[in-house]
Amino acid sequence: MSVAQDQSAAQPTTPPATDSPASYAPTDRTIPTRAKERAAYDRELVHSILDETYICHLGFVRDDAPVVLPTLYGRVGERLYVHGSSGSRPLRMAGQRDPGLPVCLTVTHVDGLVLARSAFHHSINYRSVVVHGTAHQVTDAEEKRLALDAIVDHVVDGRAADSRAANAKELAATAVLRLDLSEVSAKVRAGGPNDEPEDMELPHWAGVVPVQRGYGELIPSDDLAEGIDVPSYLKGL
């Protein structure tokens, strides 16, 4: 595999214990400078936000310039895993740097469009999570397979067991990063517009347009073999 083998001894193969405090400890990096009342550190809330969406944005510094990459991820206990090509520069950087690659990972849900009477007070109802930490390249084979299964199941729960596992060539072409959930915060905005008292009588509609995620009708592959039924975990969607 195209990985930094000298780091493998430092990487445990099992997730950290989940009998952790109910909340993450705030730090200078996880306390917002604005709207502090919207910040939350509740572990269950953080996990629920992470588990409900598919794409994260991974930020890091490359050649003294900030870079943000959208990617799939998966959560196993108090760890997040992201994957990419073994030739990807950030994944190589995480394997080459000691103790790893400093990163910031974010996810966001849009729950509603908040329309106010004034342009200034238009907003979005959202739930977001920001994770700061050091990403490490996963070199242990057992942990790597666990991570890839978690990423597949994060998209559709139950799919990893209902598909062919990666072979040796595919595993060699794939790199995985691990980021522990330690320095974490959530931020939530809910409710209606916060208009100024003097604007209440203005003749403009105000309120919230809810935004919901939904699934359409399944589209079978054109070359799907006859007799293969829709699995139960897809019917559940």
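The values are calculated or read from the model by the stated rules, or taken from the named source; none is laboratory data. From a predicted model like this one, the values you see are computed outputs, not experimental measurements. A quick note on method: Cβ atoms are made from the backbone with ideal geometry, for glycine too, and the neighbour counts reach across all protein chains shown. Accessible surface is based on the protein model in full, side chains and every heavy atom, while ligands, DNA and RNA are left aside. Shrake-Rupley method; radii C 1.70, N 1.55, O 1.52, S 1.80 Å.
Write down the Å³ per residue value for the convex hull defined by the alpha carbon atoms of region 105-237.
Spread over its residues, the Cα hull of region 105-237 gives 192 Å³ apiece.
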*Given charges of +1 on the Cβ of Lys and Arg and -1 on the Cβ of Asp and Glu, with all other atoms neutral, how large is the dipole of the chain about its Cα centre, in debye to the nearest 20?*
540 debye
_P(r) histogram, all alpha-carbon pairs of the chain included - 10 Å bins from 0, percent_ = 7, 26, 30, 22, 12, 4, 1
_If packing is taken as the average count of other Cβ atoms within 10 Å, what order do 206-214, 67-75, 123-131 fall into, highest mean first?_
123-131, 67-75, 206-214
*Hey, if we sort Asp180, Asp222, Asp229 by accessible area with the 1.4 Å probe, largest down, what's the order?*
Asp222, Asp229, Asp180
*asked:* Suppose a student asked you for the relative contact order of the chain, using Cα pairs under 8 Å spaced at least 6 residues apart; what percent would you report?
replied: 27 percent
*asked:* Can you find, among Val209, Ala172, Val188, the residue sitting farthest towards the positive end of the charge dipole of region 169-237, where Lys and Arg contribute +1 and Asp and Glu -1 at Cβ?
replied: Ala172
*Residue by residue, what Karplus-based ³J(HN,Hα) values in Hz, rounded to whole numbers, does region 25-33 have, using 6.51, -1.76 and 1.60 with θ = phi - 60° and x for Gly and Pro?*
6, x, 10, 4, 7, 10, 9, x, 7
*Once the dipole of region 87-187 is set up with Lys and Arg at +1 and Asp and Glu at -1 on Cβ about the Cα centre, which of Gly87, Leu115, His154 lies farthest towards its positive end?*
Leu115
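Normalised by the number of residues in region 102-220, what is the relative contact order in percent for Cα pairs under 8 Å and 6+ residues apart?
40 percent
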*Global form of region 197-237, assessed from the alpha-carbon gyration tensor, a/c cut-off 1.5*: prolate
*Roughly how many Å² is the accessible area per residue of the chain, as a whole number, for a 1.4 Å probe?*
58 Å²
*asked:* Using only alpha-carbon positions, what ratio does the radius of gyration of region 171-221 give when scaled by 2.2 N^0.38 Å?
replied: 2.27
*Between Ala173 and residues 5 or more places away or on another chain, which pairs have amide H atoms under 5 Å apart, with H built 1.01 Å from N, and which residues are they?*
none
*Highest GNM mean-square fluctuation, the chain, Cα pairs closer than 10 Å: which of Ala25, Ala166, Ala65?*
Ala65
*Considering Cα pairs under 8 angstrom that are at least six residues apart, work out the relative contact order of region 26-108 and quote it in whole percent.*
28 percent
*Counting only protein heavy atoms and using a 1.4 Å probe, what share of the accessible area of region 77-203 belongs to carbon plus sulfur, as a whole percent?*
54 percent
